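Engineer: Encoded as structure tokens, here's the structure I'll be asking about.
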Amino acid sequence: MKAYYYDNLPGDQRLPHDSGREVDVDSLFALGVYYYHLPELQSVNELAEKRGYKNRDEIKVSPKTMGDVYEDKVKMFFMEHLHEDEEIRYIRDGRGYFDVRSKSDEWVRVQLDKDDLLILPAGIYHRFTTDEDNFVHAMRLFKDEPKWTALNRDPKLDENTHRLEYVNEYLAQDTVFGVHEVVKIGCRAASPRSTPIPGLRPYINQHLSHRHQLSARVLVPLFSLSGLYLRYKHKMDTRTEASDVTDASGKARPQLPTSCDPPQGSASSRQLVWIVFGGTGHMGRSLVKCALARGDLVTSVGRVFETTLTEMAGIHENCLGALCDVRARESVCHVVQRTLAHFGRIDVVANCSGYGVIGACEDQDEHDLRNQFETNFMGTLHIIHATLPYFRRQNGGRYLILSSVSGALGVPGLGPYCATKYAVEGLIEAMLYETDAFNIKATLIEPGHVRRDEPETPNNPLPTWGHFLIKPASEAYGHATSPALHAKRMVQWLGDRQPTSAVKCAELIWQLAHCSYPPLRLLLGSYAIESIRDRMRSVTEELEDWKHLNFPAAPEDDKEGGEEMVDGAPETMS
């Protein structure tokens, strides 16, 4: 099972429509949606007995079994509706998607595979579809006679008794529990409103001190005490992450500090026109989706050697697809001119493009060095040269430059890449002093470990991780304990486990474009914050250790005599 927010982009309903914003089982549980993975049919029988499901049938949804009515049936299933009793589906084979409404009325897509069972409460708005394979074999369980009565959503249905009961029970109260509450109130944390399965509370109370003994045969929804503890501990360990707040719609989202004057969830923001360079990378793609979802107009710029114009077309009605090689000034200028011709103005320029080679400084040849500087530094400079005159003329503009923690740290194995990021940071900081009178603002965004941009590509002779190319180490730097292998070990170990969410980063970057007082630097993720904090602490301590050698101005009496001579030579530190 996999759950995530539906991306609301055009396309067949049977496509994944994965926005990248994951939804955990506890969040589904808070909506009254229960999930089980039951590989054995006996477990389904036990669940049916405990929940009072007396009848069942099986259905195969596919063109082969339904014939000409298949497409009409799938469209009917996908119409938003509710039922006046529970809907229980156990997937015997194939795959299907259930979309359910969240507390903020967004669609949450739940992907169900073989042996997954989902229970939807009466009164919840939802819909269903098959996937691209057009096949699902499901068992339906019922408390009474088998029936499927869908009430399609309309304003009057909000007054339905079962709908009102659902809203009152699941949407009108906070259902979040912390681990300290689990210890305090025991099994009540399994649900603040009701016990999904009879006998659950005594079982958890009996095994509260033996969490590892919890058995899947008990049919508890995926809501373990050990998982709660890990999530609580992670929350405490990452309290330096951007905080989540709840806007007027009830949706939790990360929020910039109030000193920045960020946009408020309850207030509409001015529609901005963006150019996002590197719009096909993981961070750029998340930023494009976020800006489009919030009503902005976007030019998404793909990389010429990895994307085609066909792939960039039709992203969204408010999105202009383009290709660009940021190393070529003419290519960047062409994108800027296309954007002005299409949207009539530019408000925000975001540079998410980047390239790095992982390897010891000595192992990287001139081609490696030039390619990194041409992409990271010269690419940024080309973007500024192409847009800064326009921003000056309109007396305003916003730059959002994806830098890196490596722009403030020397990371072994990333020497030239760090040098490019140091150069970018110096460039932007100097430019801001020069353009302050023109109301131009810029922010250097320094993310920590963000999930890699794309999987390995078979056409590449060397493995890639995100926008990094890993070079084989030479004999001098190839031994297991070599510091030069640090960056390689780091990216290979992290893989998809990077803790910083690209989707949350994109939300904060979008706010930067709309806030009145953006910071010069924005660090994203606890890794970035702790790394820079340690770096600053180290520099401060070094200054304190050596401050007595600051060579203050000499008194007037010493100036005429010059340096003191010792045995005919100037006295020195040595």
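The values are calculated or read from the model by the stated rules, or taken from the named source; none is laboratory data. This structure is a prediction, so every number in the text was calculated from the model and none was measured. In this analysis, Cβ positions are derived from the backbone assuming ideal geometry, glycine residues included, and neighbour counts consider all displayed protein chains.
Engineer: Tell me, yes or no, whether the range 323-345 has at least one residue that is free of Cβ contacts under 8 Å to residues at least 24 places away in the same chain and in contact with a strand residue (DSSP E or B) (Cβ under 7 Å, 6 or more places away or on another chain).
Structural biologist: Looking for residues that are free of Cβ contacts under 8 Å to residues at least 24 places away in the same chain and in contact with a strand residue (DSSP E or B) (Cβ under 7 Å, 6 or more places away or on another chain), one finds at least one in the range 323-345, hence yes.
Engineer: Further question: Name the single residue that is farthest from Gln337 (Cα to Cα) among those in the range 266-292 being in contact with a helix residue (DSSP H, G or I) (Cβ under 9 Å, 6 or more places away or on another chain) and among the aliphatic types (A, V, I, L, M).
Structural biologist: Of everything passing the filter in the range 266-292, Met283 is farthest from Gln337 (Cα to Cα).
Engineer: Cβ-Cβ distance below 7 Å, separation of 6 or more or different chains: which pairs start in the range 375-390 with a residue that is modelled with pLDDT under 95 and end on one that is assigned to a helix (DSSP H, G or I)?
Structural biologist: The qualifying pairs are Asn376/Thr420; Asn376/Lys421; Asn376/Val424.
Engineer: Then there is this: When only residues in the range 278-319 that are among the acidic types (Asp, Glu) and assigned to a loop (DSSP other than H, G, I, E, B) count, which is surrounded by the most Cβ atoms within 10 Å (Cβ to Cβ)?
Structural biologist: For the range 278-319, the residue satisfying everything is Asp296.
Engineer: Moving to a separate point now. Do you know which residues across the range 419-447 are assigned to a helix (DSSP H, G or I), within 22 Å of Ile346 (Cα to Cα) and either touching a strand residue (DSSP E or B) at 6+ places or on another chain (Cβ under 6 Å) or among the hydroxyl-bearing types (Ser, Thr, Tyr) (or both)?
Structural biologist: Ile428, Leu432, Tyr433, listed by residue number.
Engineer: Still on this structure, I have one more. Please work out if Ile124 is assigned by TED's automatic domain parsing to the domain that holds Asn168 and in contact (Cβ under 8 Å) with a residue 60 or more places away in the chain.
Structural biologist: Working: assigned by TED's automatic domain parsing to the domain that holds Asn168: yes; in contact (Cβ under 8 Å) with a residue 60 or more places away in the chain: yes.
It is true that Ile124 is assigned by TED's automatic domain parsing to the domain that holds Asn168 and in contact (Cβ under 8 Å) with a residue 60 or more places away in the chain.
Engineer: Can Lys471 be described as closer than 21 Å to Gln364 by Cβ, crowded, with 20+ Cβ neighbours inside 10 Å and at pLDDT 65 or above? Break it down into steps so the answer makes sense when it comes.
Structural biologist: Details: closer than 21 Å to Gln364 by Cβ: yes; crowded, with 20+ Cβ neighbours inside 10 Å: no; at pLDDT 65 or above: yes.
In short, no.
Condition check ((1) modelled with pLDDT under 70; (2) in a helix (DSSP H, G or I); (3) out of contact with any Pro (no Cβ under 6 Å at 6 or more places or on another chain)) across all residues:
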| position | (1), (2), (3) |
| --- | --- |
| Lys488 | no, yes, yes |
| Lys504 | no, yes, no |
| Gln511 | no, yes, no |
| Tyr517 | no, no, yes |
| Ser531 | no, yes, yes |
| Glu541 | no, yes, yes |
| His548 | no, yes, yes |
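Engineer: Please go through the range 73-109 and give me each residue that is of a type outside the set (D, E, K, R) and farther than 17 Å from Asp133 by Cβ, ordered by number. Walk me through how you get there before you give the answer.
Structural biologist: First, the residues of the range 73-109 that are of a type outside the set (D, E, K, R): 74, 76-79, 81-83, 88, 90-91, 94, 96-98, 100, 102, 104, 107-108.
Listed by number, the residues that qualify are Met76, Met79, His81, Leu82, His83, Ile88, Tyr90, Val100, Ser102, Ser104, Trp107, Val108.
Engineer: Follow-up question, since we're still on this one. Scan the range 258-277 and give yes if some residue there is assigned to a helix (DSSP H, G or I), modelled with pLDDT of 75 or more and either within 12 Å of Gln511 (Cα to Cα) or not assigned by TED's automatic domain parsing to the domain that holds Thr380 (or both), otherwise no. I'd like the intermediate steps shown before the answer.
Structural biologist: In the first step, residues of the range 258-277 are kept if they are assigned to a helix (DSSP H, G or I); the result is 258-260.
Add one more test, that the residue is modelled with pLDDT of 75 or more, and what stays is none.
No.
Engineer: For the range 23-55, which residues satisfy the criterion of being surrounded by fewer than 14 Cβ atoms within 10 Å (Cβ to Cβ) and either touching a Phe, Trp or Tyr at 6+ places or on another chain (Cβ under 8 Å) or not in a loop (DSSP other than H, G, I, E, B) (or both)?
Structural biologist: Correct list: Leu41, Gln42, Asn45, Glu49, Lys54, Asn55.
Engineer: Identify all residues within the range 384-409 that are surrounded by fewer than 18 Cβ atoms within 10 Å (Cβ to Cβ) and part of a helix (DSSP H, G or I); write none if there are none.
Structural biologist: The answer is His385, Pro389, Tyr390, Arg392, Arg393.
Engineer: Just checking, does the range 344-365 include any residue being assigned to a helix (DSSP H, G or I) and assigned by TED's automatic domain parsing to the domain that holds Ala322? First the steps, then the outcome.
Structural biologist: Here is the first cut: in the range 344-365, the ones assigned to a helix (DSSP H, G or I) are none.
Within the range 344-365 (the criterion being assigned to a helix (DSSP H, G or I) and assigned by TED's automatic domain parsing to the domain that holds Ala322), the answer is no, since none of the residues qualifies.
Engineer: Now a separate question. Residue under question is Gly32, and the condition is that it be over 30 Å from Cys319 (Cα atoms), touching a Lys or Arg at 6+ places or on another chain (Cβ under 6 Å) and not β-branched (Val, Ile, Thr); does it hold? Break it down stepwise before answering.
Structural biologist: Working: over 30 Å from Cys319 (Cα atoms): yes; touching a Lys or Arg at 6+ places or on another chain (Cβ under 6 Å): no; not β-branched (Val, Ile, Thr): yes.
Answer is no for this residue.
Engineer: So which of Arg270, Arg294, Arg327, Arg285 is closer than 20 Å to His382 by Cβ and among the charged types (D, E, K, R)?
Structural biologist: Values: Arg270 fails: closer than 20 Å to His382 by Cβ; Arg294 fails: closer than 20 Å to His382 by Cβ; Arg285 fails: closer than 20 Å to His382 by Cβ.
So the residue among Arg270, Arg294, Arg327, Arg285 that is closer than 20 Å to His382 by Cβ and among the charged types (D, E, K, R) is Arg327.
Engineer: OK, next. Inspect the range 445-455 for any residue being at pLDDT 80 or above and of a type in the set (Gly, Ala, Ser) and give the result as yes or no. Spell out the reasoning first.
Structural biologist: Within the range 445-455, the subset at pLDDT 80 or above is 445-447.
Those left that are additionally of a type in the set (Gly, Ala, Ser): none.
Checking the range 445-455: not a single residue is at pLDDT 80 or above and of a type in the set (Gly, Ala, Ser).
Engineer: For Arg95, work out the one condition from (1) in contact with a helix residue (DSSP H, G or I) (Cβ under 6 Å, 6 or more places away or on another chain); (2) modelled with pLDDT of 95 or more; (3) not hydroxyl-bearing (Ser, Thr, Tyr) it doesn't fulfil.
Structural biologist: (1)
Engineer: Also: Counting only residues that are surrounded by 21 or more Cβ atoms within 10 Å (Cβ to Cβ) and over 14 Å from Leu414 (Cα atoms), which one in the range 358-383 is farthest from the chain's Cα centre (by Cα)?
Structural biologist: For the range 358-383, the residue satisfying everything is His382.
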